[in-house]
Amino acid sequence: KAYHSSVTRSYGEMTIGLLVTAAVAIVTQMTGLYIAFIAKTGIIGVFAPLVIEIVLAIALGARITKMKTSTARVMFYVYAALMGFTLSSIFMVYDLGSIGVALGVTATFFFALTMFGMTTKFDMLKAGPILMIGLIVLIISQIVLAFVQVDGMTKIVCAIGLILFAGMAIYDAQSTRALLTEYEAQGPEMVKKISILCALNLYLDFVNMFLYILQLLGNRD
């Protein structure tokens, strides 16, 4: 019973994180805040939010057991808000219909994958190192593609990215189950903290899958 409520809490936190991201993205787009920010700060403004997001994610991962639950939650929501701020730029590239379709496809896909992860006997956690290597290769290839344009390569990288994060979604669903079971004995407060960390992992899988699906299906404005 307690285990089920902590898994539900993880997904609840993830959903709130996604809603924060969506709300911030819409407000940023409507007010033109991101464009104004980039105009003022230039290239630094492009990378500064990303650097802060990476620092927040690393800090949450490393310090989660030592920090207060409220601190962890605030850090996660700040992360989600920053993500929304930078993601507001998709409104300049894609039409609203494409964004809506991509969101719907992602939600369906994500739900199916995590349900599979929770119910299957197949142990995805063993694939952790392979997924990690895949992620590093993906990041490097995207950096290369940012500088060197190869026809059709972007779609291939997006397809690979989508498959990789589909694997990550199953992995993180099982990892959520394993972590919550592992820390259950340390009391409800610890379980709350761990569920926020699990929520961040699931949130990142969702956002990345959404971006790859949007690039594959989206109509550019």
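General remarks:
- Boolean, ALA166 is of a type outside the set (Phe, Trp, Tyr) and in contact (Cβ under 8 Å) with a residue 12 or more places away in the chain: yes
- Candidate set: region 146-176, residues that are outside any helix (DSSP H, G or I) and not acidic (Asp, Glu); chosen: the one nearest to GLY218 (Cα to Cα): GLY152
- Restricting attention to region 24-51, the residues being closer than 30 Å to LYS193 by Cβ, open to solvent by less than 50 Å² (accessible area, probe 1.4 Å) and in contact (Cβ under 8 Å) with a residue 12 or more places away in the chain number 4.
- Filter pass, THR69 being under 30 Å from ALA178 (Cα atoms) and touching a residue at least 60 places away in the same chain (Cβ under 8 Å): yes
- Within region 91-100, at least one residue is open to solvent by less than 50 Å² (accessible area, probe 1.4 Å) and without any contact (Cβ under 8 Å) to a residue 12 or more places away in the chain.
- Out of PHE47, PHE116, PHE109, sole residue that is in a helix (DSSP H, G or I) and either small (Gly, Ala, Ser) or modelled with pLDDT under 90 (or both): PHE47
- Checking each residue in region 106-155 for being open to solvent by less than 40 Å² (accessible area, probe 1.4 Å) and under 24 Å from ALA178 (Cα atoms) picks out PHE110, LEU113, THR114, GLY117, MET118, THR120, MET124, ALA127, GLY128, LEU131, GLY134, LEU135.
- Count of residues meeting criterion [more than 26 Å from GLY218 (Cβ to Cβ), in contact with a Leu (Cβ under 6 Å, 6 or more places away or on another chain), assigned to a helix (DSSP H, G or I) and among the aliphatic types (A, V, I, L, M)] in region 61-106: 1
The values are calculated or read from the model by the stated rules, or taken from the named source; none is laboratory data. A quick note: this is a predicted structure, and the numbers were derived from the prediction, not measured. Note that each Cβ is placed from the backbone with ideal geometry, even for glycine, and that neighbours are counted across all protein chains shown. For the accessible areas, the whole protein counts, side chains as well, though only heavy atoms, and no ligand, DNA or RNA atoms are used. Shrake-Rupley method; radii C 1.70, N 1.55, O 1.52, S 1.80 Å.
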